[in-house]
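The values are calculated or read from the model by the stated rules, or taken from the named source; none is laboratory data. Small disclaimer: the values here were computed from a predicted structure and weren't measured. Positions of Cβ are backbone-derived with ideal geometry, glycine not excepted, and every protein chain shown enters the neighbour counts.
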């Protein structure tokens, strides 16, 4: 008697939705929260603490608290044997900002590394489009097409990803030019708030808008993908 072969599962059962894959690459909800905690700690404590706290400068106490929160988050990840990638990335950025603020004695320098990094990202995004290798397109290829480069042969898709990548780049440049201006006028509290709101929340919105654009402009392609 010939054994019957089980029917292959549908692609929607084999792969999670594209939006879920995108969220996973960005760290998921937990990654968003963890990235925001150290900055939030610094934003809240720095203006509230007096100049000296128990013989220590208030700025230094705020810096230590922010770094400590990042270390705790990374430690929990390690203890649970979970991927520490997002926690370590956040810890790295917080550590650089902490060193710059500590050495200079100026709270605003806690944010300057992120400003420089954001401006670099903006220029790289736009530059990648000029050389016909839009970064958001490659993100799409990695998440939705297993990293295959054939997506560049689809001219409408390449054109759309070029446009989307430019928008990402412009948004990154605009928000970090605003942060740089706030840094120049020493508006530290406003700088912190813009950093917090303009970080992961803006990135999430850009990701959702990208998915929407693919669905709207390339419905034939969206129909082949599991967007959720």
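Odds and ends about this structure:
- Any hit, the stretch 106-119, residues being in contact with a helix residue (DSSP H, G or I) (Cβ under 8 Å, 6 or more places away or on another chain), crowded, with 19+ Cβ neighbours inside 10 Å, touching a residue at least 12 places away in the same chain (Cβ under 8 Å) and farther than 28 Å from residue 196 by Cβ: no
- Selection from the stretch 38-56 of residues that are at pLDDT 80 or above and surrounded by 14 or more Cβ atoms within 10 Å (Cβ to Cβ): 38, 39, 40, 41, 42, 43, 44, 45, 46, 49
- For the stretch 149-189, the set of residues classified as over 20 Å from the mean Cα position of the chain (by Cα) and under 28 Å from residue 63 (Cβ atoms) consists of 181, 182, 183, 184, 185, 186, 187, 188, 189, listed by residue number.
- Hey, residue 18 surrounded by 17 or more Cβ atoms within 10 Å (Cβ to Cβ) and at pLDDT 85 or above or not: no
- The requirement of being modelled with pLDDT under 95, exposed (fewer than 15 other Cβ atoms within 10 Å of the Cβ) and under 14 Å from the mean Cα position of the chain (by Cα) is satisfied by residue 201.
- Taken over the stretch 134-158, the criterion of being surrounded by 15 or more Cβ atoms within 10 Å (Cβ to Cβ) and free of Cβ contacts under 8 Å to residues at least 12 places away in the same chain is satisfied by 138, 141.
- Test result for residue 35, at pLDDT below 85, touching a helix residue (DSSP H, G or I) at 6+ places or on another chain (Cβ under 6 Å) and farther than 19 Å from residue 188 by Cβ: yes
- Taken over the stretch 213-228, the criterion of being modelled with pLDDT under 90, part of a helix (DSSP H, G or I) and within 30 Å of residue 90 (Cβ to Cβ) is satisfied by 214 alone.
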